[in-house]
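Here's the structure we're looking at; comments come further down.
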Amino acid sequence: MRAGFMGRRSSGEKSSGSGKKLVPAAPSSKWYAEQFDEYVDSSDGNIGPEGVEKLCGNLVVDPTDVLVLVFAWKLEAAQMGYFTQTEWLSASPTFGSCTSNKDLVEQLQAVHRACRSIMEQRRSLHMFTHKFCREDRKKTIDVASAEAMLMLLHPDEPHVPPLIEFLKVYDPTTKRGVSQDEWSMMFNFFAEIKPDCSNYQDDGAWPLLLDEYVDQRREKAGASE
């Protein structure tokens, strides 16, 4: 997986847990335009990997930080590691009248907090990452990308560590990657299935990948008894 996010999909929510509005009433694009000029690659008129790296340095966040992914998601960036001018300037109505990198980081943190508390927002970001991580015309993402995104998006989900270990040895995913449908159903699985898989129904509409994952969990649980 390439280092440094910047991606796609938008949905605007307005308040964090503190009740502070995420989008001020009359946002200005002046600061964003100035920032674009600072990061743009003059050879093609877009912000590229070097500009993204500089942006992360100015924001004091790691290129693999979830806030960078959130920024990409809200701006609907089409390609990892790149921003067009149109995508970049859409930050103005999305994040409001920032006048400093500190302001932008605070807005990103507020958006992320709101996202974590709203199911539809969490699903939107989850699904965005699959499209964001796909390369060329592929319809799947490789296991390494799936692992990185699962850990980034669902750091407290008890299924994530064992599921990642399963994906590394499950032949279909090691050969072809994780499909969009499988990725979508993982989100449902996390929301519905208990950590010990005790409420998993074998005749449910789950993909084979998750059937096999649960079977492995049950086998290991039985062997340890």
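The values are calculated or read from the model by the stated rules, or taken from the named source; none is laboratory data. Just so it is clear, the model here is predicted, and its values are computed rather than measured. Ideal geometry is used to build each Cβ from the backbone, glycine not excepted, and the neighbour counts take in all protein chains shown.
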Legend entry - Members of the range 178-225 that are in contact with a helix residue (DSSP H, G or I) (Cβ under 7 Å, 6 or more places away or on another chain) and either on the phi > 0 side of the Ramachandran plot or of a type in the set (G, A, S) (or both): S184, C197
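Sort out which residues of the range 198-225 are in a helix (DSSP H, G or I) and among the polar types (S, T, N, Q), and write them in order of number.
Taking the range 198-225 and keeping what is in a helix (DSSP H, G or I), we get 208-223.
Answer for the range 198-225, where residues must be in a helix (DSSP H, G or I) and among the polar types (S, T, N, Q): just Q216.
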Legend entry - Single unsatisfied condition, P195 versus (1) in contact (Cβ under 8 Å) with a residue 24 or more places away in the chain; (2) part of a helix (DSSP H, G or I): (2)
Inset, instruction - With the condition kept exactly as written, say whether any residue in the range 124-142 is farther than 24 Å from K74 by Cα and in contact with a helix residue (DSSP H, G or I) (Cβ under 7 Å, 6 or more places away or on another chain). - result: no
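Can you pull out the residues in the range 153-193 that are among the hydroxyl-bearing types (S, T, Y) and farther than 23 Å from C115 by Cα? Steps first, please.
Start the filter on the range 153-193 by keeping residues that are among the hydroxyl-bearing types (S, T, Y), which leaves 170, 173-174, 179, 184.
Residues satisfying the conditions are Y170, T173, T174, S179.
Take V111 and tell me if it is outside the structural domain of N188 (by TED's automatic domain parsing), in contact with a His (Cβ under 6 Å, 6 or more places away or on another chain), touching a residue at least 24 places away in the same chain (Cβ under 8 Å) and buried (at least 20 other Cβ atoms within 10 Å of the Cβ).
Details: outside the structural domain of N188 (by TED's automatic domain parsing): yes; in contact with a His (Cβ under 6 Å, 6 or more places away or on another chain): no; touching a residue at least 24 places away in the same chain (Cβ under 8 Å): yes; buried (at least 20 other Cβ atoms within 10 Å of the Cβ): yes.
Considered against the rule, which asks whether it is outside the structural domain of N188 (by TED's automatic domain parsing), in contact with a His (Cβ under 6 Å, 6 or more places away or on another chain), touching a residue at least 24 places away in the same chain (Cβ under 8 Å) and buried (at least 20 other Cβ atoms within 10 Å of the Cβ), V111 comes out as no.
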Inset, instruction - Output yes when any residue across the range 199-207 is within 28 Å of W73 (Cα to Cα) and among the polar types (S, T, N, Q), and no when none is. - result: no
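Among the candidates A72, A78, single out the residue that is in contact (Cβ under 8 Å) with a residue 60 or more places away in the chain and more than 12 Å from the chain's Cα centre (by Cα). Spell out the reasoning first.
On the way: A72 fails: more than 12 Å from the chain's Cα centre (by Cα).
Unique residue meeting the criteria: A78.
Filter the helices (runs of 4 or more DSSP H) completely within the range 123-184 down to those with at least 2 residues that are hydrophobic (A, V, I, L, M, F, W, C).
Values: elements: 143-153, 160-169, 171-176.
In the range 123-184, 143-153, 160-169 are the helices (runs of 4 or more DSSP H) which contain 2 or more residues that are hydrophobic (A, V, I, L, M, F, W, C).
Tell me, please, whether a residue that is more than 28 Å from Q121 (Cβ to Cβ) and out of contact with any strand residue (DSSP E or B) (no Cβ under 8 Å at 6 or more places or on another chain) can be found in the range 173-189.
Narrowing the range 173-189 to residues more than 28 Å from Q121 (Cβ to Cβ): 174-176.
In the following step, the residues that additionally are out of contact with any strand residue (DSSP E or B) (no Cβ under 8 Å at 6 or more places or on another chain) were identified as 174-175.
Within the range 173-189, one or more residues are more than 28 Å from Q121 (Cβ to Cβ) and out of contact with any strand residue (DSSP E or B) (no Cβ under 8 Å at 6 or more places or on another chain).
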Inset, instruction - Considering (1) more than 21 Å from L55 (Cα to Cα); (2) in contact (Cβ under 8 Å) with a residue 24 or more places away in the chain; (3) not polar (S, T, N, Q), say which one I164 fails and leave the rest. - result: (2)
